[in-house]
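One structure is given here, and the rest of the page talks about it.
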Amino acid sequence: MTDAELVRQARERTSAAQSMEACDTLSRRYLPVAWRYAYALLQNRRAAEDVVGEAMLALVKNMDQMDAEQEVEVDRLSVVISWSIDFLEH
C-alpha cells in the first residue's frame, strides 16, 4: 500500500481498526529514519526518543491536515526537525 493510500485510510475513520493499522504501518515505515534524524541533531538517545514520540503523536492527531499525495516522509521529518530545534532551544 502506498503512503497516500495509508493516509487516506487513516483519515477515513470508517473502521477504527483499519485507521489504527494504517497509522501503525506509516509509523513503522518512518520511525527509524525519524529517530536517526532526531538523534543526529540532538546527540542524545533519550531526547531523540522523546522528540520522535511527540512528533509522531502530533502527526497522528493532525492526520486530517496532511496532504495524502505529498510524501509522508517530508511531513514527518519536518515535524521532527521542528521538535528537535525546540528541544535544543529550551
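Quick look at the numbers
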item	result
Relative contact order %, the chain, counting alpha carbon pairs below 8 Å whose residues are six or more apart	35 percent
Degrees separating the helix 72-89 axis from the principal Cα axis of the chain, which is the longest one	30 degrees
Ratio Rg/Rh [Cα only; Rh per Kirkwood] for the range 3-89	1.00
Nearest-ten-degree value, helix 3-12 long axis tilted from longest Cα axis of the chain	70 degrees
Arg11-Gln43 FRET efficiency (beta carbon distance; Förster radius 30 Å; 0.05 resolution)	0.30
Debye, to nearest 20: dipole size of the chain, +1 on Lys, Arg Cβ, -1 on Asp, Glu Cβ	300 debye
Folded to 0 to 90 degrees: helix 45-61 orientation relative to the chain principal axis, Cα	30 degrees
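Taken together, the values in this text are just the output of simple stated rules run on the coordinates, not laboratory data. Bear in mind the structure is a predicted one, so any value in this text is a computation, not a measurement. Don't worry about glycine lacking a Cβ; one is built from the backbone with ideal geometry, like all the others, and counts go over all protein chains shown.
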